[in-house]
Amino acid sequence: MFKRNAVIVIAALLPVLSACHDVTEYSGTPEAGLTFLDPVTLEVEGSLSGVEGAVSICATGMNTFCVASSEGVLYLYDAVAMELDTSFVIGGQSSAGYGSMVYVPWKSSIYVIGTPGSIIEVGIPGGVIRDVLTSVNGPASLVCNRTHSFMYVENPTTNSVFRISTSTNTVFRVYEFGRTPAGVICGTTGDDTLLVTTNDPQNIAYVQPADFVYTRQVCFSPVVDMERSIDHYGLIYAARNHDTTEGALMVVDSLFPFSIYPAAFFSGEPRALQNHTDGLHLFIMSVIRNGSFRIHCYHQDFETIVKSVDLPGYPVDMTSAGDRLVVLSY
């Protein structure tokens, strides 16, 4: 998933979703924190108070997740018990850092963008700093391939994407583009096929199969976030703005030849996508009005949005852990 930026609140109340699925609304005073949702019913199962400077969230296994703070602190939570486990300082305070994380299960490490120009490898659950990578001068977002053998780092300052070996933490290759990358996702097993979207006004994206880069007309720019499906589906999902009141979920069902189609439209301005660990449910986060946001549940077998819930606050990020959807909001 991409780095989450500060939310721009939509002031107007958008229309309620159509009767094709249910919408539940929870009211209350917005407050910073974590909200735990049942992944099927989207019922609120618990909540925790917020973390100062919380920027992003990332699952670190089936039952745990981390929250990164701009204060330079990483917080480790138990999603089953819905409680804080521990926290550890990983760097200095930075308003521009700690915005993107990936977890590498085979080495029990989480990589997080730290202060500008650095990527910090932290051992989980102990919190030991194992390495600090400075090979990318302007990292903006991180994504791994399916085997977690390589990490891809988006670097908008040089219009490039770095391929870094997670075994050695060294740069394996640098892919350069004519436009600024605006999102990267790895869509196949092993080494490695990327879809790289850019800020190109002509809706140009790039497909990179290991050593070569091919341009593609994607017709869904600008992309807000992308997620890949499990191997069984072999799809890439992309969220984009459709108009001023609606977002669109696009599906890339083939990279060679390139093929894409709209799967669903939903209320609100999209913010993030997140797969559930069951491989069936895909969650869409969108802003619908001032002080409120909506979580949509898209069923990948039924190919439709089956449930939505409205929550108070301003959405930041979400992850799936402990058979729950965990939402970070202000």
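Here, each number is a calculation from the coordinates, and none is a lab measurement. What you are looking at is a predicted structure, and each value in this text was computed from that prediction instead of being measured. Heads up, the Cβs are rebuilt from the backbone with ideal geometry, glycines too, and the neighbour counts pull from every protein chain shown.
Here are the numbers for the structure shown:
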| read-out | value |
| --- | --- |
| Among Phe88, Phe266, Phe162, residue whose mean-square fluctuation peaks in a GNM of the chain (springs only between Cα atoms under 10 Å) | Phe88 |
| For the stretch 116-254, convex hull volume per residue from C-alpha positions, Å³ | 135 |
| Cα-based radius of gyration of the stretch 142-181 once divided by 2.2 N^0.38 Å, which approximates compact folds | 1.14 |
| Tail beyond 15 Å, pair distance distribution of the stretch 217-256 (Cα, percent) | 40 |
| Rg/Rh for the stretch 84-150, where both radii come from Cα atoms and Rh is the Kirkwood radius | 0.95 |
| Viscosity 0.890 mPa s, temperature 25 °C, Stokes-Einstein D of the stretch 33-179 from Kirkwood C-alpha radius, µm²/s | 155 |
| Of Tyr175, Tyr206, Tyr111, the one that fluctuates the most in a GNM where the chain has Cα springs shorter than 10 Å | Tyr175 |
| Overall Cα dimensions of the stretch 225-308 - principal axes, largest extent first, Å | 41, 26, 18 |
| Relative contact order computed over the stretch 32-75 (Cα-Cα under 8 Å; 6+ residues apart), in percent | 27 |
| Relative contact order of the chain, defined on C-alpha pairs under 8 angstrom at six or more residues apart (%) | 19 |
| Gaussian network model of the chain, Cα within-10 Å springs - most flexible of Phe36, Phe177, Phe293 | Phe177 |
| Label-point separation in nm, Asp211 to Gln93, each point 7 Å along Cα→Cβ | 5.0 |
| In Å, descending, principal axis extents of the Cα set of the chain | 49, 46, 35 |
| Cα-based Rg of the stretch 156-236 normalised by 2.2 N^0.38 Å, two decimals | 1.10 |
